[in-house]
1. Filter segment 101-129 down to the residues that are surrounded by 15 or more Cβ atoms within 10 Å (Cβ to Cβ) and part of a loop (DSSP other than H, G, I, E, B), then identify the one that is farthest from the chain's Cα centre (by Cα).
2. Look through segment 90-100, keep the residues that are in a helix (DSSP H, G or I) and touching a helix residue (DSSP H, G or I) at 6+ places or on another chain (Cβ under 9 Å), and return whichever of them is surrounded by the fewest Cβ atoms within 10 Å (Cβ to Cβ).
3. So which helices (runs of 4 or more DSSP H) stay within segment 1-81 end to end and still have 1 or more residues that are farther than 19 Å from residue 125 by Cβ?
4. Check whether at least one residue in segment 27-45 is over 18 Å from residue 119 (Cα atoms), within 11 Å of the chain's Cα centre (by Cα) and touching a residue at least 12 places away in the same chain (Cβ under 8 Å), and report yes or no.
5. Looking at segment 50-66, is at least one residue under 25 Å from residue 9 (Cα atoms), more than 13 Å from the chain's Cα centre (by Cα) and without any contact (Cβ under 8 Å) to a residue 12 or more places away in the chain?
6. From the residues in segment 62-89 that are touching a helix residue (DSSP H, G or I) at 6+ places or on another chain (Cβ under 9 Å) and within 21 Å of residue 102 (Cα to Cα), which one is surrounded by the fewest Cβ atoms within 10 Å (Cβ to Cβ)?
């Protein structure tokens, strides 16, 4: 994904903990992350298979924060799916950012209060929170 490596490396250099939460199969997601040139910057992969629940359940977000030793209200989740990612994270008590361009925003959902169109926008947005 364009801009992912630069954004992840910048956030890591600023002291942020980076992890992946996915509804995908654990082995597949882990292999995908391990193949990234910046895989050493990603602290954990938490899959729905591993956690026993799927996004948008708050439990998967709480599990990720707990496993990483983080306070849920200090976590931020970036995702492309309005319900599973953005509102799942918000309802779990995390800050959330919607990554536009992958899924249309349903008219039945309240709009996102934070959104980006490209990952290179992420570090400056996070620093403004």
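The numbers here are math on the coordinates, done by the rules we state, and not lab data. All figures in this text were calculated on a predicted structure; none of them were measured in a lab. Reconstructed Cβ throughout: ideal geometry from the backbone, glycine too, with neighbour counts over all protein chains shown.
1. Among them, the one singled out is 105.
2. Residue satisfying both the conditions and the ranking: 91.
3. Where helices (runs of 4 or more DSSP H) fall fully within segment 1-81 and carry at least 1 residues being farther than 19 Å from residue 125 by Cβ, they are 26-34, 48-51, 58-68.
4. Looking for residues that are over 18 Å from residue 119 (Cα atoms), within 11 Å of the chain's Cα centre (by Cα) and touching a residue at least 12 places away in the same chain (Cβ under 8 Å), one finds at least one in segment 27-45, hence yes.
5. yes
6. Checking each candidate, the answer is 80.
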